[in-house]
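Since the structure comes first, as structure tokens, the remarks are kept for the end.
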Amino acid sequence: MSTVASHEIRRAGPRIGAEVTGVDVKAGVDDRTAEELRRAFREHKVLVFRDQHLTPTHHG
């Protein structure tokens, strides 16, 4: 997996949701970034990754 240099997680709404920028999901992420994304998912319940062009295979 690739290492992600920097990323940002911004709250999207007052109750749920956050937007993640600076992460290329298709390229993969390092262990630290993966744990930060899991934590953000638990906290925000929904994560949005804009402009990610993924095939059905990438979703699996």
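So the values come out like this:
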read-out	value
Value at 222 nm in deg cm²/dmol, rounded to 500, when DSSP H runs of n ≥ 4 in the chain each add -39,500 (n - 2.57)	-8500 deg cm²/dmol
Percent carbon-and-sulfur accessible area, the chain, ignoring ligands, DNA and RNA, probe 1.4 Å	52 percent
Radius of gyration, Dmax [the chain; alpha carbons; angstrom]	11.5, 33
Helix axis angle, 31-44 relative to the chain longest principal axis, alpha carbon, degrees	30 degrees
Heavy-atom accessible area per residue - the chain, 1.4 Å, Å²	77 Å²
Residue-count net charge about residue 22 - beta-carbon cut-off 15 Å; Lys, Arg +1, Asp, Glu -1	-2
Charge sum, other residues only, whose C-beta stays under 11 Å from residue 9's C-beta, Lys/Arg counted +1 and Asp/Glu -1	-1
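The values are calculated or read from the model by the stated rules, or taken from the named source; none is laboratory data. Note that this is a predicted model, so its numbers are computed, not measured. Cβ coordinates were reconstructed from backbone atoms using ideal geometry, including for glycine residues, and neighbour counts include every protein chain displayed. Note: accessible area is taken over every heavy atom of the protein model, side chains too, but ligands, DNA and RNA are not part of it. Shrake-Rupley method; radii C 1.70, N 1.55, O 1.52, S 1.80 Å.
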